[in-house]
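In what follows, a single structure is set out as structure tokens and then discussed.
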């Protein structure tokens, strides 16, 4: 896979372990990450910086990931993640990709890169 240096991801999850490990998986493919454990902080980061992709946990306090993804979508692809959630068509139509946390290690970097590339083709 080609080098994707220069891409930036915003990772939003209320699980500190996810926020600590996901940036390492993405960094291995040259993607820089910013993390937020609170959806309101994520909105602020999103308004202040440019991101190429959002990776959002579905189940969080204050605002669920689907609602946050809808609020921030349109400017970059949205990847929804969850450990205890079955994705259905309603979820899938509100994001560019969905990954179960049980498969995240194997799929997150490739899925992220593909979502960025697909989004760039759409807006080109």
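At a glance:
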read-out: Meets criteria (assigned to a strand (DSSP E or B) and buried (at least 21 other Cβ atoms within 10 Å of the Cβ)) for residue 79; value: yes
read-out: Among the residues listed as 33, 73, 102, the single one being surrounded by 14 or more Cβ atoms within 10 Å (Cβ to Cβ) and at pLDDT below 90; value: 73
read-out: Residue list for region 1-30, filter: part of a loop (DSSP other than H, G, I, E, B) and more than 12 Å from the chain's Cα centre (by Cα); value: 1, 2, 3, 4, 5, 6, 7, 14, 15, 28, 29, 30
read-out: Residue 51 being in contact with a strand residue (DSSP E or B) (Cβ under 8 Å, 6 or more places away or on another chain), in a loop (DSSP other than H, G, I, E, B) and modelled with pLDDT of 90 or more; value: yes
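The values are calculated or read from the model by the stated rules, or taken from the named source; none is laboratory data. Quick caveat, the model's predicted, so the values are computed rather than measured. Here Cβ is always computed from backbone atoms with ideal geometry, including for glycine, and neighbour counts include all displayed protein chains.
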